[in-house]
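For reference, the structure discussed in these notes is given below.
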Amino acid sequence: MPGLFQESQAPEPHGSPGPVVRVAVNVNVWGQYDYLWGPQMPPPQRGMRVKVPFGPSGRTTWAFVTQIDPPVGNHKLKYVLQCVEETPQLDDQLWRLGLWIARYYLTPLGMVLAAMVPSAVGQREPRTRKIAYLRSQKADWPGKLGSKQRAVLDELLQARKQGVEGLSVEQLRDNSQAGADTISRLARRELIEIKTRKVTLEDLHEQIESDPFDLNEDQVRAFEELKPRLDGGFSATVLHGVTGSGKTEVYIRAIRKVIDQGKQAILLVPEIALATQTLARLLRRLPRVAVLHSGLTDAERDFHWRQIRQGNASVVVGPRSAVFAPTPKLGLIIVDEEHEGSYKQDTAPRYHGRDVAVMRASLAKAPVLLGSATPSMETWRNVQAGRYDCLKLARRVRSLPMPKLEVVSLRGEMERGKIELIGRTMTQRIAHTLEKGQQAILLMNRRGYASYVFCPSCEWTLACEDCTRTMVFHQATQLAMCHYCNRTASLPDACPACGGKILLFGMGIQRIEGELARKFPMARSARMDSDTMTTPGQFQKVFEDFGSGEIDILLGTQMVAKGLDFPKVTLVGVLSADTSLAIPDFRASERTFQLTVQVAGRAGRGDAPGNVIVQTLHPQEPSIRFAIEHDYEGFAAWELPAREEVGLPPCKRMIRFVARHRDGNKAQEGAAELSARLRTILSGQNVDIWGPQPAGVLKIRGQFRFQVLLLEAEAGVVQSRLYPQFARLLRGISAEILADVDPMALI
Ligand code: ADP
Ligand code: ZN
Ligand code: ZN
């Protein structure tokens, strides 16, 4: 491999050995380790990525150089195996961001740095393209030229007449039907010349589209207020705009202003938005857009990374990890739909993309813009405390009305003895919508066919053997599945406890799908959930079909709530607002409110007004009442004091420790020991310690889980105390301990 320096074996010690380096390995260990640096390798620098043998097995692992020539003892050191680059991928700013993440999120530095630099980058030659240039006048062309050769020359001449000098060899071959040998023959005859040049983002772009409309009055006001902040210096601003208020348009203008100053912008979006129109719109409207997401091949990722790092990309779009894009001239970070839970990573490092964005902006002395129709309580509290400014877009674009929401009580809707999930009102409205040739989006936030496989006579319920959770029946496979560990089980013929008859009950999306097909046999519908959507291409296909009217009804889990903009959607149905209320988590109300407002926001974005039907067993639930009224501030004024009273985030900051073990006693003992140590270390501090207590789900994948919760008044204070002694804190504890700072879920 190019650019890769290898010491296959410890070199013979001719003269002096290389320097010693200290590295942070990408392994869940708290120490850093020393290695010898091979004399064949380029000089070591802090932040360089290397491969080292690690642990008793000597397994090769990635590591990052943290220190050169540290004080070492006289024990025997191993050699660094490879150094993959001559200069570190992370500049000083990103390095400092990495250190902050390690401390704040209580994660070993090597794991943090490895998450910041995709392993695929910097390990191959940059992509190149061969370009053919015309090196002769038509008058000089020899009389006897093969027809293929003539076709190639004509093609280049034609391009020149249109003001284009040089065509890529691929394009030339496509257009002229000539083979590679024809082209090289022309080059040998010096009629054309072939040059190799690196591919850049410019090569991927067609023409930039001009603005389709002027900003409206509200957008202008927001943009004018934002403008001075775009000149530089750290600031945090919330763009609180109702659904359909045109936030994306404000982002585009802000990004453009930053590009005009020769700087780069990062736009973070929830993962799904990458498959949707947001990205397509940006790509058409802005120059040199780089993308970084999980759907890229290694070669593509490497290409975009390079373009960003060389300063050529003007905008980077991607999910949470794009916050680590190596932009040398960062001028703005935007976090779209900042309330989205998917910004939090659920494996180590368990960072929150939005919060890291704010920290990065402050290190870069750049502004950060957080957009949402339903800002998170964390962000709203920062607005109220005056730490963030807030700009509002209170109305939809083109004076479109907000969709009208109506709550129907599921109890009243069900006919006696018949369990139907699409109630009477909902059925009528769907029929009506289809008659008018309009489209509907239905939200059912639970996968599978039915929630429970259970016995009505003895109340036995089919549960996962590895997790303390009921399993969910899936129609397609005819199997019950555990949504925590994906274990499957077949349905028993009879109740294993009493031999009675088994019943399927509950409301999962597959069951709705069946009901929909029965009630509207002529309608074309598509289902969108994590069981049907496994690749980005599948999303794209459904979005295209829905956009072109091939599909009448789009049925989905929360995926359909996010950012879709289809003008023919006039009906949105929330089949059960209760599913998100039932999660055992202090954010259940907030999620229910957000989900309802967000999915309702998909209705009425075209000329016909939108209607939303919300089915629920709890029509008086405040989070649903506030959502119906589009009353975000009312919701916040009800929710925040409730959290304040109990001392929950965002009023306090939470750190969650989970002790895991296959043996339930060991897990519990581990949590108890940890909690005792924490109480000692943190005594006299302003910290509440809750637990040990069973985690929201006691057992997952065969491991028992107990948690200890710390609640601190000020962010980061506990971490700065715990981080330096974390290894010691965990030493000898019988269970595996995970730390999750600012957890998004307590399952
Ligand atoms: P949001 O993200 O706030 O829900 P979008 O940015 O998706 O809203 O905009 C909603 C729709 O309004 C889009 O189709 C967009 O093209 C259109 N739009 C945005 N700004 C304007 C404007 N000033 N005039 C007319 N249409 C607009
Ligand atoms: Zn039974
Ligand atoms: Zn399970």
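The values are calculated or read from the model by the stated rules, or taken from the named source; none is laboratory data. Keep in mind that what you see is a predicted model, and the values were worked out from it rather than measured. Methodologically, a virtual Cβ is constructed for each residue, glycine included, from the backbone with ideal geometry; neighbour enumeration extends over all protein chains shown.
In the set 701, 660, 653, 677, only one residue is among the basic types (Lys, Arg), away from ligand 3 (no atom under 16 Å from the Cβ) and farther than 26 Å from residue 593 by Cα; that residue is 677. If the condition is being under 32 Å from the mean Cα position of the chain (by Cα) and surrounded by 15 or more Cβ atoms within 10 Å (Cβ to Cβ), then the range 34-52 contributes 46, 47, 48, 49, 50, 51, 52. Looking across the range 201-229, the residues that are outside any helix (DSSP H, G or I) and either away from ligand 1 (no atom under 15 Å from the Cβ) or within 27 Å of the chain's Cα centre (by Cα) (or both) come down to 205, 206, 207, 208.
Going through (1) surrounded by 20 or more Cβ atoms within 10 Å (Cβ to Cβ); (2) more than 13 Å from residue 729 (Cβ to Cβ) one by one, residue 662 falls short only on (1). For the range 222-248, taking the residues that are touching a residue at least 40 places away in the same chain (Cβ under 8 Å) and charged (D, E, K, R), the one that is farthest from residue 387 (Cα to Cα) is identified as 247. For the range 485-504, the count of residues that are more than 14 Å from ligand 2 (Cβ to nearest atom), of a type in the set (Gly, Ala, Ser) and out of contact with any helix residue (DSSP H, G or I) (no Cβ under 9 Å at 6 or more places or on another chain) is at least one.
Residue by residue through the range 475-518, note down the ones that are more than 16 Å from ligand 3 (Cβ to nearest atom), free of Cβ contacts under 8 Å to residues at least 24 places away in the same chain and either among the hydrophobic types (A, V, I, L, M, F, W, C) or assigned to a loop (DSSP other than H, G, I, E, B) (or both).
Filtering the range 475-518 down to residues more than 16 Å from ligand 3 (Cβ to nearest atom) leaves 475-476, 478, 491-518.
Still in the running and free of Cβ contacts under 8 Å to residues at least 24 places away in the same chain: 478, 493-494, 499, 517-518.
Within the range 475-518, 478, 493, 494, 499, 517 meet the criteria.
When you look at residue 411, is it over 21 Å from residue 96 (Cα atoms), of a type in the set (Lys, Arg) and in contact with a helix residue (DSSP H, G or I) (Cβ under 7 Å, 6 or more places away or on another chain), yes or no? First the steps, then the outcome.
Values: over 21 Å from residue 96 (Cα atoms): yes; of a type in the set (Lys, Arg): yes; in contact with a helix residue (DSSP H, G or I) (Cβ under 7 Å, 6 or more places away or on another chain): no.
Taking the combined requirement at face value, the residue does not satisfy it.
Within the range 454-479, the set of residues being within 16 Å of ligand 2 (Cβ to nearest atom) and farther than 22 Å from residue 577 by Cα comprises 454, 455, 456, 457, 458, 459, 460, 461, 462, 463. I'd like to verify a number: residues in the range 55-71 that are closer than 11 Å to residue 81 by Cα and among the β-branched types (Val, Ile, Thr), how many? Residues flagged as closer than 11 Å to residue 81 by Cα and among the β-branched types (Val, Ile, Thr) within the range 55-71 amount to 2.
Of the numbered criteria (1) surrounded by fewer than 22 Cβ atoms within 10 Å (Cβ to Cβ); (2) in contact with a Leu (Cβ under 8 Å, 6 or more places away or on another chain), the one residue 332 fails is (1). Would you confirm whether any residue within the range 541-562 is within 16 Å of ligand 1 (Cβ to nearest atom), crowded, with 21+ Cβ neighbours inside 10 Å and either without any contact (Cβ under 8 Å) to a residue 60 or more places away in the chain or among the small types (Gly, Ala, Ser) (or both)? Yes, the range 541-562 has at least one match.
Test of understanding: among 185, 173, which residue is free of Cβ contacts under 8 Å to residues at least 12 places away in the same chain, in a helix (DSSP H, G or I) and crowded, with 16+ Cβ neighbours inside 10 Å? First the steps, then the outcome.
Numbers: 185 fails: free of Cβ contacts under 8 Å to residues at least 12 places away in the same chain.
The unique qualifying residue is 173.
Going by the conditions given, is residue 204 surrounded by fewer than 18 Cβ atoms within 10 Å (Cβ to Cβ) and without any contact (Cβ under 8 Å) to a residue 60 or more places away in the chain? Yes, satisfied.
Close contacts from the range 36-64, counting a first residue that is closer than 17 Å to residue 24 by Cβ and a second that is among the polar types (S, T, N, Q) and surrounded by 15 or more Cβ atoms within 10 Å (Cβ to Cβ), with Cβ to Cβ under 6 Å and a gap of 6+ residues or different chains, come to 51/82; 54/61; 61/26; 62/26.
Being crowded, with 19+ Cβ neighbours inside 10 Å and farther than 25 Å from residue 708 by Cβ is a property that does not hold for residue 657.
Of all the residues in the range 467-484, those that are of a type in the set (S, T, N, Q) and under 25 Å from residue 660 (Cβ atoms) number 2. Output yes when any residue across the range 656-666 is more than 19 Å from residue 744 (Cα to Cα) and touching a His at 6+ places or on another chain (Cβ under 9 Å), and no when none is. No: zero hits.
The set of residues in the range 709-734 that are over 30 Å from the mean Cα position of the chain (by Cα) and assigned to a loop (DSSP other than H, G, I, E, B) comprises 731, 732, 733, 734.
Here's the yes/no breakdown for (1) within 17 Å of residue 700 (Cβ to Cβ); (2) surrounded by 14 or more Cβ atoms within 10 Å (Cβ to Cβ); (3) charged (D, E, K, R); (4) more than 16 Å from ligand 1 (Cβ to nearest atom):
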residue	(1), (2), (3), (4)
459	no, no, yes, yes
463	yes, yes, no, yes
466	yes, yes, yes, yes
469	yes, yes, yes, yes
475	no, yes, no, yes
482	yes, yes, no, yes
492	no, yes, no, yes
495	no, yes, no, yes
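From the list 657, 706, the one residue that fits, being within 24 Å of residue 470 (Cβ to Cβ), in a strand (DSSP E or B), out of contact with any Lys or Arg (no Cβ under 7 Å at 6 or more places or on another chain) and not basic (Lys, Arg), is 706. Residue 713 satisfies every condition listed in (1) crowded, with 19+ Cβ neighbours inside 10 Å; (2) under 27 Å from residue 359 (Cβ atoms) except (1).
Residue by residue, here is whether (1) over 20 Å from residue 118 (Cα atoms); (2) modelled with pLDDT of 90 or more; (3) in contact with a strand residue (DSSP E or B) (Cβ under 6 Å, 6 or more places away or on another chain) holds:
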residue	(1), (2), (3)
9	yes, no, no
44	yes, yes, yes
50	no, yes, yes
65	no, yes, yes
77	yes, no, yes
81	no, yes, yes
92	no, yes, no
101	no, yes, no
